[in-house]
Amino acid sequence: MTQRELPWEPEIIAFCCNYCAHSAAALAGLKRMQYPSGIRIVSTPCTGKLEMEHILEAFEKGVDGILIVGCLEGDCHFVDGNLRARKRTDRIRSILDEIGLGAERLQMVNLTDTMASAFVQYMQEAVTTVGTLGPNPLKVSENKESAGKS
Ligand code: FES
């Protein structure tokens, strides 16, 4: 299913490190490359600075998917931040599966500052993957609760 065929627009946060990921995003912008409007880019000094609670809290608040975008392995400006982020991502993905949200809602990718096309492609793939899963069940149940209160 392509992004155009989705009956809804997933809300996705892309946590981008301030170095390679942010530069690739900026280059995509300079080249006027389009990526889905439901993606919110949030800068982080390094993917290694993202703590588990940042990710879980975003899901708790109802975001449908999260993409962590960092430098290529071996190129992190904080030495091994992206390697720590990868391990953390794998742990959180297991938790997401255990609680029924689905590991696929969280992805981590690595790129260099010149990979604008790959950046856009990763964004589109995230929308397609999360779009196929459907809205975050936590958001859906919260909406039902607040509808019941009125
Ligand atoms: Fe880019 Fe660490 S600075 S992942």
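Those residues that are over 22 Å from Ala25 (Cβ atoms), hydrophobic (A, V, I, L, M, F, W, C) and out of contact with any Lys or Arg (no Cβ under 9 Å at 6 or more places or on another chain), I need them from the range 73-106; list them, please.
Val79, Ile92, Ile95, Ile99, Leu101
Across the range 94-108, what is the total count of residues that are away from the ligand (no atom under 16 Å from the Cβ) and either farther than 19 Å from Lys139 by Cβ or of a type in the set (Asp, Glu) (or both)?
4
Got a number for residues in the range 114-130 being surrounded by fewer than 18 Cβ atoms within 10 Å (Cβ to Cβ) and touching a Phe, Trp or Tyr at 6+ places or on another chain (Cβ under 8 Å)?
Qualifying residue count, the range 114-130: 1.
In this structure, does Gly70 turn out to be at negative phi, in a helix (DSSP H, G or I), crowded, with 20+ Cβ neighbours inside 10 Å and touching a Lys or Arg at 6+ places or on another chain (Cβ under 9 Å)?
No, not satisfied.
Taking the range 40-67, which residues are more than 11 Å from the ligand (Cβ to nearest atom) and part of a loop (DSSP other than H, G, I, E, B)?
The answer is Glu51, Lys61, Gly62, Val63, Asp64.
Have a look at Pro7, Pro36 and point out the one that is at pLDDT below 95 and either assigned to a strand (DSSP E or B) or over 16 Å from Tyr122 (Cα atoms) (or both).
Pro7
Just name the residue that is surrounded by the fewest Cβ atoms within 10 Å (Cβ to Cβ) out of those in the range 77-92 that are over 11 Å from Leu106 (Cβ atoms) and in contact (Cβ under 8 Å) with a residue 40 or more places away in the chain.
The residue in question is His77.
Suppose the filter is under 14 Å from Cys46 (Cβ atoms) and not in a loop (DSSP other than H, G, I, E, B); does Ala85 pass it?
Against the criterion (under 14 Å from Cys46 (Cβ atoms) and not in a loop (DSSP other than H, G, I, E, B)), Ala85 qualifies.
Which residues, taken from the range 25-65, are among the polar types (S, T, N, Q), buried (at least 20 other Cβ atoms within 10 Å of the Cβ) and touching a residue at least 40 places away in the same chain (Cβ under 8 Å)?
Correct list: Thr47 only.
What do you reckon, is Leu101 buried (at least 16 other Cβ atoms within 10 Å of the Cβ) and assigned to a helix (DSSP H, G or I)?
For Leu101, the condition - buried (at least 16 other Cβ atoms within 10 Å of the Cβ) and assigned to a helix (DSSP H, G or I) - is not met.
Tally the residues that are under 23 Å from Leu50 (Cα atoms), of a type in the set (A, V, I, L, M) and at pLDDT below 95, restricting the search to the range 102-150.
Total meeting the criteria: 1.
The values are calculated or read from the model by the stated rules, or taken from the named source; none is laboratory data. Everything quoted here is computed from the prediction, not taken from an experiment. Methodologically, a virtual Cβ is constructed for each residue, glycine included, from the backbone with ideal geometry; neighbour enumeration extends over all protein chains shown.
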